[in-house]
Amino acid sequence: MAPSKKKHASSQPCIIPGGFTELSLQFSSDSAAQHKLYVKEHKVRAQKSSHRPLDRTLFVLNIPPYCSEGVVKELFSQFGCVQSVELRDHPGSFQDSGPKLSRFFKPVAKQGFRVGYVVFENSSSLKAAKSHPHDVSLVVCTEQRPVKTGVQKWIQQYTESFINPDKLQQIVDSFMEGYDKRKEEEAERQRKEAEQQQEDEEGWVKVTRGSKGTKGRPHSEAANERTLQKEMRKKKRKELLNFYTWQHRNTQKEHIADLRKKFEEDKQRIALLRAQRKFKPY
Amino acid sequence: MLCCCCYCQMIPSESHEEEENEAPVKAKRSKTEDAGGEEVVYHPVKLSRSDLYRPPTAEELNQLKEAESLFHCSLLKMQMEELLKEVALSERRKQQIDSFIQTVTKLLRTVPESPEVEVSDLSWLSSAVKVPFLLVPKTTKGKFHMTPPASVDLIGSYPLGTCTKPRVMVDLAVTIPADVLHPKDVVNQRYPRKRALYLAGLAQYLASSSDIGSMLYSCLHGNRLRPVLLLTPPGKDSSSFIVRVHACPPPGFFKPNRFHPQRNNIRTEWYTGLQTSHEPPTPHYNSSVLGDLLPRAHLQFLSAVSSQCSAFADGVALLKVWLRQRELHQGAGCFNGFLASMLIAYLLTSHRISNSMTAYQLLRNTLNFLASTDLTVNGISLAKDPDSTPSLAEFHDAFQVVFVDPSGHLNMCADMTACTYKQLQHEASVSMQFWDNPTVDGFHSLLMTPKPMIRTSDHIFQLCELVKLQSSCKKLNLLSELMDHSGNYVHTALPYILSLLQRGLGQRIHLLTHSLSPDPEWSVESEAPKHKAQPPLSFGVLLMPELAASALERGPPADSPKAAEFRQLWGSRSELRRFQDGAITEAVLWDGESMCQKRLVPRQIITHLLQLYHVFDMYCALQLPSTGEEESLLVVQSYDDLSRKLWRLEGLPLSITAVQGAHPALRYTQVFPPLPLKLDYSFFDREKTSRSLVPKEGKPCPAYITPITVICHMEGSGKWPHDRLAIRHIRTAFHIRLGELLKKHHNYTCRPCPTHLDVWKDGLVFRIHVAYHREPQVLRESVNAEGLLVVRDNEEAQALEMATIHKPLLTSTLHGLQQQHPCFGAVCRLAKRWLGAQLFGDDITEDTADLLVASLFLQPAPFTPPGSPQVGFLRFLHLLSSFDWRNNPLVVNLNNQLAATDYTEIKNDFTATRESLPVLFIATPKDKKQSIWTKRAPSVQMLQRVVMVAAESLKLLENQLMDSNQIQDVRVVMRPPLDAYDVLIHLNPKQVPRGIMAGNVTQSGGALPVINYNPVSLYMAELREAFGDLALFFCDPHGGTVIAVLWKPKAFIPVPFKTSQVSARSVVVTGEEANTVPNVEAILEDFRIMGKGLIKSLEARTEKWSL
């Protein structure tokens, strides 16, 4: 598409060590300075994910904070149809984030420079992007696609933060419904497991790591520790203190050792203070 | 190396000591060596086993026991020993002094004789040397000639061995030969004038010698009748010590009973030219002449005492340091080193302390004696046979403070005012109070902390134009007193002014102090300065917090005899008033509508009392136009109402267990307390669905409305889910429900959000957060791969605990502190305003600043808790700049919950893990080990800068406040130095919201205003998120129109290309290597893009950058 026309121009794609292609990006057509995006096909050895198909995903570094997912999608659609865009703070594997949340309950995203995974519909777009000449910049804010920043953006954010209480209640209700359902399913599963451990008609018990089995041993770290301490205390209670002469002597020795230690500590503190000239009163 | 010595004493002295003891000694040696050298970091002591459990010797046991029993910490004993080493004179210095004294003595012996002339004839004196005396009246009878001195002796502290650094003064008494004087010279200032002439003669002769460095005249303790000559050695030693030459009559030349305090030695006719039948006594004149007669006897007496008590010299040295830190050691009517040694001698000879006591005990007992004995009522005497000398009662009639010397004739405290003695007593009793308190660093507070007047007194006033006191002496009919003081009208009028102030201020003050005018020094070539030439008199008061601000002064009933006296004191301000209890009394009502005006009542009183003079209020420049206390009170009242209403709400599925405020405004420490305000609707757009206002593009930013955080704890119940997301949704449901109920019952406009509920009430916005006490626990729990439930601390849980537990607790505790100390809030606000203005608002957060200020009130030693916002602010700056943040934790003992053992525990934990703790470490009862408030900030560099700027500000402020001649522009300390920053982003003032805006209280209900919308902080947050690893951003949160940017020192160092480190960077390829550097042009462009509409201009100071 577009890049094929520019290929025979003097400019070449700029490729740096590491296999990244440098793309320039400027906010508007009259911006004086440009950011550099670094793009490369997404390549990982192990994990295969349907979210990031290896042959069609472009890995983009250094996306400025004012580029939202929508903006990035439009920017890269000049190389071919974009299926999805994922922006993240750090490069890393795809994580599933539990049940679906409404926009009001999502944690606030950090607004720094981000990395992006752009998934095209065709793998050919990948090549087109990589061979884009470095001196032709991508423009973020054009007349057809204004991007709000600064005061305009903050006012918009403020306006969007309003939500009708009824609607909010609905969201809460639907989430809690889902939550209750999940809870019930869980309880059901546990009940079934427990059932399995009952004797069947022939008197056999199926042994699994179910709830009944775990009852005997502590199931949390804290409980684990408590049991250990209990044992220790029990042992200690049985000991006699200051009973034999040697024990008494030991206590006295400990006391003198304590005093000595304190004396030494103080002395060292003094040495430290002296080193800092702390005794000059004026 | 000193350590080694004291350790060696502990080493067993028996020669047949086993071999095994050798090893630890060696180990110890090497250890102390590196401790004394470069090593400045404290490490926990590690003693080897054999070292700790070695059999003790008797000597060692004794030493350990003494240290344990005598001092609550042996540290204090060692610290005092070290301090004494610092102030003691070195051997080298003593040799210098001795050789210089020899030279001077030799020179003095060869003073040439001059022919006898009339006293008033000064022709024998060359014009280059003036007489150090104010000749009023001009002439007196008598003859004078110069001859070599009869003897030259060392007197005072140097021969006694109590001389201390700094400003080493060696006193040299030069005896005027008997043939120069006449026994009748006592009368009419003849002797003092001859003494001055003799000094001038010595000065004239010494001026020609090259062995003398510089020569100045001065006078002893501000007494113009006793001029002295100050000599310094030549060359580079000139600043190391000063020799003070006194001229004295031969011992026993005058009869001591001539100087009885009730005898007259200045004739009125000679002094004023008027005839009187009755000659008034001249006690002050008498004592100043008598003082010249006795120094040798005093030295003998003190040497005898000192030889009995081995710790005498050290005890005196400690007491001198103590006095000097309290600025009581010099000036007219001071408690000088001589008095200090005399006092200790008195305690020793009267067997109140024993000769075998250590210096530490001497100091302690002396302070105890001072605190408990009032010398203004019960004077003390060192005289052996009191019958032949004036009685104490006679001394009390003539002087305010009485301490009689061994001869029984001289009151050594003749010039001291009762106020100075009361101040001394107050200082001693304060010292005794904190001495035994193991939670206070006794040594530091006692001997190391300077207490200048400006940081000690709650209010300071200055009396300028001292010359006006001359006329007031006439008005007060003080001519005979003026004669007694030989024309020094300042000293004459001072006691009267003090008693006037004391009467006027009465119950409002705790203590009235005044500055001791320093001894004047002038060159031998110039005339003696006039009395008015001394610096202005400063008066300091310590206020009684309960009574200081009351606007009404209720006098005696109209028909009582005291009424006339009252009317005379207050003049036209006094009027008859009828009170609710039916009494009709004289009363004065001062202006005092607001708290701010009430604070000024003492000032109004003083101005009224001293209206003859030009009184200058030191703190007037630091006065806030409105101190905002009323506003804070309104907020708190409104909050109390809301909290009551929340408690009473019915129809919630779970009940409310606690409603807690968590906002500075609710503890009176918000810099600009929220003001109920009226809105201009044309500046807003409207949001249809929720009837709320939103800011309008193109219009100035709406006034910032602070949401006041309120935490609402809900009852725990099995119904709460055990899942973080579910809890958040349930909380939201609570917000919605609370909002509905408040709207229904009280018609408040509410806006529920997932995180909070905003309530618009009385023109204020309260932001209610519903909290569930188990939520932090839930956030910490997770199930690991083995199915084991693990509890791990994380940031999210900490932040939640901070918001729902620590902040409300701090708020309520500090609210309580405000109730105890009415000016706590005002100090906090001044301090925070300063921090904000200096762009430190993000490093020393509001909570941290409040805690720092709280520490000033909770642990004021050696001061008393600040009684005015100004002195509190000065002490805050002093705390910031002088506290040793590196080596000490600041313990803020809120509610007095920490015991002494907790302090040691905190200190030990602190020293053991110093490296991993925040640089500014604050421990509180609920947080002994972590310092949660300062965890995030400040960094080392920022703390250093804060300390530096605080020290500068303090210096500037104190200079300006103490100097009434300077133009008072204290706002200078509120202007940050901007030259240190790399980029300045200037903001459009119209888009910067301001906190202050007055208006009428709007009705509850109606549209919700724009809440918590602050473009500057939004912009700052975006900048920090995007460029936080490259630069630091600073801004004044209280309406500052500039954002200062500082590149981090390592920002511009190229780093190898890494996918995780390319934010805002561009790649530079050199050969095979790819490095990244920040893309500065694009970053500056981003500053502009991200702050579109807010930024006015961008100033990049490229010349400063080191790219």
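Tabulated data
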read-out	value
For the stretch A:39-140, convex hull of alpha carbons as volume per residue, Å³	113
Per-residue mean of C-beta atoms belonging to partner chains within 10 Å, peptide A:170-177	4
Share of Cα-Cα pairs in chain A lying beyond 23 Å, as whole percent	75
Likely footprinting exposure, B:Asp640, B:Asp405, B:Asp51, fewest C-beta neighbours within 10 Å first	B:Asp640, B:Asp51, B:Asp405
Span-rule helices in chain B, defined as complete DSSP H runs reaching 24 Å or more along the axis (Cα) with Kyte mean at least -0.5	B:190-207, B:418-435, B:724-746, B:940-962
Average beta-carbon neighbours from other chains, 10 Å sphere, peptide B:882-892	1
Value of Rg/Rh across chain B [Cα atoms, Kirkwood radius]	1.03
Karplus 3J(HN,Hα) series, Hz, for the stretch B:208-223 with 6.51 cos²θ - 1.76 cosθ + 1.60 (x for Gly, Pro)	7, 8, 8, 7, 9, x, 9, 10, 9, 8, 8, 9, 6, 6, x, 8
Scattering curve values for the protein assembly as shown, log₁₀ I(q)/I(0), Debye with Cα scatterers, q = 0.04, 0.05, 0.07 Å⁻¹	-0.37, -0.57, -0.99
Highest to lowest packing among B:348-358, B:832-842, B:724-734, scored as the average C-beta count within 10 Å	B:832-842, B:724-734, B:348-358
Partners for B:Lys130 among aspartates and glutamates (Cα-Cα distance below 15 Å; same-chain residues under 8 apart left out)	B:Asp121, B:Glu521, B:Glu525, B:Glu527
Rounded to 10°, Cα long-axis angle of helix A:150-160 versus longest principal axis of chain A	70
Per-selection Kirkwood Rh - the stretch B:824-887 (Cα, Å, 1 d.p.)	11.8
Candidate lysines for bridging to B:Lys645, where Cα separation is under 20 Å - those fewer than 8 sequence places away on the same chain excluded	B:Lys743, B:Lys744, B:Lys761
Fluctuation leader among A:Ile63, A:Ile270, A:Ile163 - chain A, Gaussian network, Cα springs under 10 angstrom	A:Ile270
Karplus (6.51, -1.76, 1.60) ³J(HN,Hα), θ = phi - 60°, over the stretch A:224-241, in Hz, Gly and Pro reported as x	3, 5, 4, 4, 4, 5, 4, 4, 4, 4, 4, 4, 5, 4, 6, 6, 9, 10
Largest-first principal axis extents, alpha carbons of the stretch B:1011-1060, Å	44, 21, 9
Residue-span extension gain [B:Thr913 to B:Glu546] - 0.36 nm each, minus C-alpha spacing	127.8 nm
Kirkwood Rh in Å, taken over all unlike Cα pairs in the stretch B:309-404	14.1
Cα convex hull volume per residue for the stretch B:646-781 (Å³)	148
Low-density loop cleavage sites - trypsin sites (Lys or Arg not before Pro) in the stretch A:132-184, where at most 16 other Cβ are within 10 Å (DSSP)	A:Lys148
Derived scalar couplings ³J(HN,Hα) [the stretch A:131-138; Karplus, 6.51 cos²θ - 1.76 cosθ + 1.60; whole Hz; x for Gly, Pro]	9, 5, x, 6, 8, 9, 8, 7
Highest-fluctuation residue, A:Glu239, A:Glu22, A:Glu265 considered, GNM on chain A with Cα pairs under 10 Å	A:Glu265
Against the rule of thumb 2.2 N^0.38 Å, how large the Cα Rg of the stretch B:841-960 comes out	1.05
Scattering profile of the stretch B:446-605 at q = 0.17 Å⁻¹ [log10 I(q)/I(0), Debye over alpha-carbon scatterers]	-1.14
Mean residue ellipticity (222 nm) of chain B, computed from DSSP H runs ≥ 4 via -39,500 (n - 2.57), nearest 500	-12000 deg cm²/dmol
Between 0 and 90°, nearest 10: helix A:245-275 axis offset from chain A longest Cα axis	40
Trypsin sites (Lys or Arg not before Pro) lying in DSSP loop within the stretch A:24-83, provided at most 12 other Cβ fall within 10 Å	A:Lys43, A:Arg45, A:Lys48
Largest-first principal axis extents of the Cα set of the stretch B:266-340 (Å)	56, 29, 14
Convex hull per residue volume in Å³, alpha carbons only, for the stretch B:372-516	157
Per-residue mean of C-beta atoms belonging to partner chains within 10 Å, peptide B:1069-1079	2
At most 16 other Cβ within 10 Å, DSSP loop - trypsin sites (Lys or Arg not before Pro), the stretch B:114-151	B:Lys138, B:Lys141
Sequence-distant lysines (8 or more away, or on other chains) whose Cα lies within less than 17 Å of B:Lys165	A:Lys278, A:Lys280, B:Lys85, B:Lys94, B:Lys320
Shape metrics for the stretch B:731-787, restricted to C-alpha atoms - Rg then Dmax, Å	16.0, 55
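Bear in mind these aren't lab numbers, they're just calculated from the coordinates by the rules spelled out. Note that the structure is predicted; figures quoted are calculated from it, not measured. Backbone-built Cβ (ideal geometry, glycine too); neighbour counts: all protein chains shown.
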